[in-house]
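The values are calculated or read from the model by the stated rules, or taken from the named source; none is laboratory data. Being a predicted model, the structure only gives us computed values, none of them experimental. Methodologically, a virtual Cβ is constructed for each residue, glycine included, from the backbone with ideal geometry; neighbour enumeration extends over all protein chains shown.
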Amino acid sequence: MTLSHPSLLLIAAIAYGLGSIPFGLILTAATGGGDIRQIGSGNIGATNVLRTGRKGLAAATLLLDALKGALAVFLALRLGGDQPSLAMAVAAVAVVVGHCFPVWLGFRGGKGVATGLGAIWVLSWPVGVACCVVWLVVARLSRISSAGALSAFLVAPILMVVMKNQSVNAPIPVATALIALLIWVRHYSNIVRLLTGNEPRVNAKTKSS
């Protein structure tokens, strides 16, 4: 089956729809925690869910956000016909866009880290493992979660080229670079605080992340 433009649009729509499911908001509300958008930074991701003091809920949000990224790319692989790499690349970008800009929430979503990592795991699991290691090591050494996430996505496009032995303009490396760019843009306020030394460390009680 040759992948047509309508097929790519359908794959992108499915991926965007999956990405736009606000698990942090749903889980917090369902367990009596109220509207997560009224807590801490107002973000719907796992880091802000953690500010409710419920580590299990934050872990569930992290896992589900990652799984929706992985599922979107996996479905694209199955639907991709004779151009699976292109289909997976489109889905990977679309699912992260859906998480960051969900139509149901007025296009005000999360920052895309967990969903992006989930997508990368299916694009290339060795790169996914490497990115997770970078994230955990940097976050542990600096005790700053955003530093770990930004470092992981800084190296992700490079790792995708080197570890998959692909051209820099192949669909999957390009998609990885676009995801990394989007996540860095979404972390603009975190980057400013990192540069000024005001980014909160892990376990610090703050509303600014």
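Computed quantities for the displayed model
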{"item": "Residue match in segment 62-72 (condition: at pLDDT below 95 and either more than 23 Å from H187 (Cα to Cα) or crowded, with 24+ Cβ neighbours inside 10 Å (or both))", "result": "no"}
{"item": "Among the candidates A147, A119, residue that is of a type in the set (A, V, I, L, M) and within 13 Å of the chain's Cα centre (by Cα)", "result": "A119"}
{"item": "Failed condition for G112, given (1) over 27 Å from S167 (Cβ atoms); (2) within 13 Å of the chain's Cα centre (by Cα)", "result": "(1)"}
{"item": "Single unsatisfied condition, F153 versus (1) over 25 Å from I26 (Cβ atoms); (2) surrounded by fewer than 24 Cβ atoms within 10 Å (Cβ to Cβ); (3) of a type in the set (F, W, Y)", "result": "(2)"}
{"item": "Segment 110-128 residues that are touching a residue at least 24 places away in the same chain (Cβ under 8 Å) and more than 17 Å from V49 (Cβ to Cβ), paired with ones that are basic (K, R) and assigned to a helix (DSSP H, G or I) (beta carbon under 8 Å, 6 or more apart)", "result": "S124/K164; V127/K164"}
{"item": "Inter-residue pairs, beta-carbon under 9 Å, first on the phi < 0 side of the Ramachandran plot and in segment 129-143, second of a type in the set (K, R), 6+ apart", "result": "S142/R201"}
